[in-house]
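First the structure, in the form of structure tokens, and then the observations on it.
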Amino acid sequence: MAQKEYEGQSTVRDIAFIAFKHKRKMLITFCATVLIVTVGSLLMTPVYRASSKILVKFGRENIYMPAVPGSSGSPQVLVDPLGAERVNSAVEMVKGQKVVEAVIEKLSVKSVYPQLVSDDNSSSRQSTLNDAIRLFQRNLSVQAVKRSNLVEVRFDHANPVIAAKTVNTLIDTFVEHHVTAYREPRNYDFFSEQVRLLAGKLKASESELSAFRISHDISSLQDQKTTLLKQISEIEVALAKVKADLAENKGKKEALQDSRGSQTGGPRLGKETDYNPQAMATIRTKITELRLKEAELLNRYSETNTFVVNVRREIEQAEQLLAREEMTYHDKDARSLDQSIQALKQKEAALRESLAASRGRLNSIAAVEMRFIELERQFKLNEENYQLYVRKMEESRISNAMDTEKIANLSVVEPASVPITPTRPRILLNIAVSVLLGGLLSLLVMVTADRLSHTFGKTEDIEKRLGVPVLASIREMEA
């Protein structure tokens, strides 16, 4: 016979007929499915889930963040743009192998997964530890709670006490690991050593500055500088006056030398007479009178006249006397000028020496002042560095104290408690699912059995499939 083909013409009556035809198979399938699931759920080892929630607060680990007042005096609101990243980092750290391995080592593999412990050889212990870590990570669930800074930690185990203890140990281990991860090692020792070194440098620079101040009398340094500047100014004025006097005397000497050179042609009245005594002025007056008398005599007599010749002889004698006198006093004035020039030169040299000495002392004071400024600057720099490292050392000390007390930006909001009811198996839910699954499998068995059947169940099927009328039918005999 041809197999039956189900088309869209099937009615509810046909379906009911088929279901009634295969009712035994459907009932067996349904009951078997429900029974297997129910028995499996009852025989399954119960699994308990312990959970805890961690609050990841604002702020970097181990940083002391005082409240910063706003401009209006109200507390300043700090915006945290990295909250999601910090929560995700916490999630990854909790699930990390290092934390999980530390938890298993604290609790021991035997207490958490006793079924994994076989013998005591070292290779087996390492293998057992690796198996325990993998199993632990499969039973561990860590996820961030949406729209919050909370991290939820869940752990499944057959023993509810071990489940709760494991979660709490995991949280404690994570906090320790979190603190260690953000801690900069040996900061306090480094800053302490730097403070000790800088304290020595500061003390040495302070002693050097104090000794330099006392040895050079820095308190009166400005007064000394003012006095020297005044002395230099006075010396420069005196030196300028000496130079002027020296130039004047040199000029006079040159004038005397010029006048002496002109004496070969006879005495002449000139500037050099300013250096002659009163007698020479009298001689010149006498010569003038004789020349006037000569002129008067020439008006009356001839040049050969005895009176004219006598007057001219007297004029000649007077001029010769004047020349001798002028020569004598000219040399005397020249020697006097030489002495004055020599004295002025000596005074100029003394003034120059004094000026150089004063300027040298002024330069020494300037050098002392520059050295003092340098020492003072070095002292201030050492003091600033010392104070900076003292502050850093104190911050590091506080950080170490916070590390010791495990103060972190983490808070356990809900510590794990011992669960009362298991999370698996959920018997009622499994039974409900088995009922639904059994019904679907029964329908599948019905359809499959009807498609695999080679018999006709109704006369209409015979007439439809074979195209011949049914003349009679025999009722199935019951045993």
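The values are calculated or read from the model by the stated rules, or taken from the named source; none is laboratory data. Just so we're clear, the structure is a prediction, and the values are computed from it rather than from any experiment. Please note: Cβ atoms are built from the backbone with ideal geometry, for glycine as well, and neighbour counts cover all protein chains shown.
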Open item on the list: Can you list residue pairs whose Cβ atoms sit under 9 Å apart, with the first residue in the range 136-147 being closer than 19 Å to residue 97 by Cα and the second being surrounded by 14 or more Cβ atoms within 10 Å (Cβ to Cβ) and of a type in the set (Phe, Trp, Tyr)? Count only pairs 6 or more apart in sequence or on different chains.
Closed with: 136/113; 136/155; 139/155; 140/155; 141/155
- [ ] Please work out if residue 414 is over 30 Å from residue 249 (Cα atoms), out of contact with any helix residue (DSSP H, G or I) (no Cβ under 8 Å at 6 or more places or on another chain), at pLDDT 80 or above and not assigned by TED's automatic domain parsing to the domain that holds residue 236.
- [x] yes
TODO: Considering only residues that are surrounded by 11 or more Cβ atoms within 10 Å (Cβ to Cβ) and in a helix (DSSP H, G or I), look in the range 262-276 and name the one that is modelled with the highest pLDDT.
DONE: 262
Open item on the list: For the condition at pLDDT 80 or above and either assigned to a helix (DSSP H, G or I) or among the aliphatic types (A, V, I, L, M) (or both), what is the one hit in 340, 259?
Closed with: 340
Task: Tabulated pairs, the range 336-362, first β-branched (Val, Ile, Thr), second surrounded by 14 or more Cβ atoms within 10 Å (Cβ to Cβ) and at pLDDT below 85, C-beta under 8 angstrom, 6+ apart or interchain - done: 341/246; 341/249; 341/250; 341/253
Task: Matching option when the condition is closer than 24 Å to residue 381 by Cα and either surrounded by 15 or more Cβ atoms within 10 Å (Cβ to Cβ) or charged (D, E, K, R) (or both), among 206, 236 - done: 206
- [ ] Take the range 184-240 and flag every residue that is among the basic types (Lys, Arg) and assigned to a helix (DSSP H, G or I).
- [x] 196, 201, 203, 213, 225, 230
TODO: Taking residue 248 as the residue in question, decide whether it is surrounded by fewer than 16 Cβ atoms within 10 Å (Cβ to Cβ) and modelled with pLDDT of 85 or more.
DONE: no
- [ ] For residue 367, indicate whether it is part of a helix (DSSP H, G or I) and modelled with pLDDT under 75.
- [x] no
